[in-house]
Amino acid sequence: MEDVWQKVAADFADMPDLAEAIRFSIRLILAAALGGLLGYERERAGKAAGLRTHMLVSLGAALFVLIPQQAGMSNADISRIVQGVVAGVGFLGAGAIVKGTRGEDIHGLTTAAGIWLTAAIGIAAGLGRESSAILGAVLAFLILSTLAWVSHRMKKVQPPEQLDVGGDIFGGDQRIRRKRPERKA
């Protein structure tokens with residue numbers, strides 16, 4: 001029976017001391033918190049990928065790089081793991097993109113980019129680049145919260161362009177011209 005307990009204890013010996021456990025915990029908590037910051041903003045804006053999604057993406061990305069780093073893998077091996085995370089999260093973000101029936105109605109690009117950026121923040125935190133992770137999260141939060149307002153105001157001031165196909169369909173002039181809709185007073 002003692003042999004069984006020794007094997008179980010060996011399975012949980014990946015953190016040799018308290019300092020390593022604290023270091024590991026700080027990186028994971030920071031990744032989850034920074035992901036939560038971005039997720040909070042997206043949830044506040046009423047987007048589908050919110051607080052929990054961003055926290056899980058950031059935490060998962062941090063784990064994907066922290067565990068191999070802790071296991072002593074080389075930087076080249078960790079680089080390949082980062083490539084896999086970036087590609088995999090790109091597919092996750094692609095699921096958030098919805099194209100409308102007219103083609104120009106595309107929704108979810110900002111959500112997809114936010115999920116992708118959240119993974120990058122998690123990777124930075126997992127690799128021990130806490131300052132970079134914090135700076136990236138603060139900049140992303142400012143972009144998502146502040147520039148959304150600016151973008152909304154710009155749409156009110158300058159209406160979107162519309163395409164106008166001139167001529168008729170029976171041999172007339174088929175050039176496509178851009179025209180601005182008339183402003184309402």
Problem set entry | Test: Gly60 is under 18 Å from the mean Cα position of the chain (by Cα), modelled with pLDDT of 90 or more and under 18 Å from Ala113 (Cβ atoms) | yes
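Checking the structure you have, find out if any residue of the range 93-106 is modelled with pLDDT of 95 or more, surrounded by 21 or more Cβ atoms within 10 Å (Cβ to Cβ) and assigned to a helix (DSSP H, G or I). Even if it seems obvious, please write down each step before you answer.
Step one: filter the range 93-106 for residues modelled with pLDDT of 95 or more, giving none.
No, that holds for no residue.
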For this session: Take the residues in the range 113-129 that are of a type outside the set (A, V, I, L, M, F, W, C) and within 8 Å of the chain's Cα centre (by Cα), then tell me which one is nearest to Ile97 (Cα to Cα).
Result: Gly114
Problem set entry | Residue count for the range 97-112, restricted to those that are at negative phi and over 11 Å from the mean Cα position of the chain (by Cα) | 10
Exercise. When you go through Ser151, Ser132 one by one, which is the residue that is out of contact with any Gly (no Cβ under 8 Å at 6 or more places or on another chain), part of a helix (DSSP H, G or I), without any contact (Cβ under 8 Å) to a residue 60 or more places away in the chain and closer than 30 Å to Ala21 by Cβ?
Worked result: Ser132
Exercise. Could we say that Gly90 is more than 18 Å from Asp14 (Cβ to Cβ), at pLDDT below 90, part of a helix (DSSP H, G or I) and under 19 Å from the mean Cα position of the chain (by Cα) here?
Worked result: yes
For this session: Please go through the range 1-14 and pick out each residue that is part of a loop (DSSP other than H, G, I, E, B) and either free of Cβ contacts under 8 Å to residues at least 40 places away in the same chain or closer than 18 Å to Ala112 by Cβ (or both).
Result: Met1, Phe12, Ala13
Exercise. If we keep just the residues of the range 27-53 that are in contact (Cβ under 8 Å) with a residue 60 or more places away in the chain, more than 20 Å from His107 (Cβ to Cβ) and among the aliphatic types (A, V, I, L, M), which is surrounded by the most Cβ atoms within 10 Å (Cβ to Cβ)?
Worked result: Ala31
Problem set entry | Residue list for the range 54-81, restricted to those being assigned to a loop (DSSP other than H, G, I, E, B) and surrounded by 13 or more Cβ atoms within 10 Å (Cβ to Cβ) | Met73
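The values are calculated or read from the model by the stated rules, or taken from the named source; none is laboratory data. In this text the structure is predicted, and so the values were computed from the model without any measurement. Neighbour counts are summed over all protein chains in view; Cβ atoms, including those assigned to glycine, are modelled from backbone coordinates with ideal geometry.
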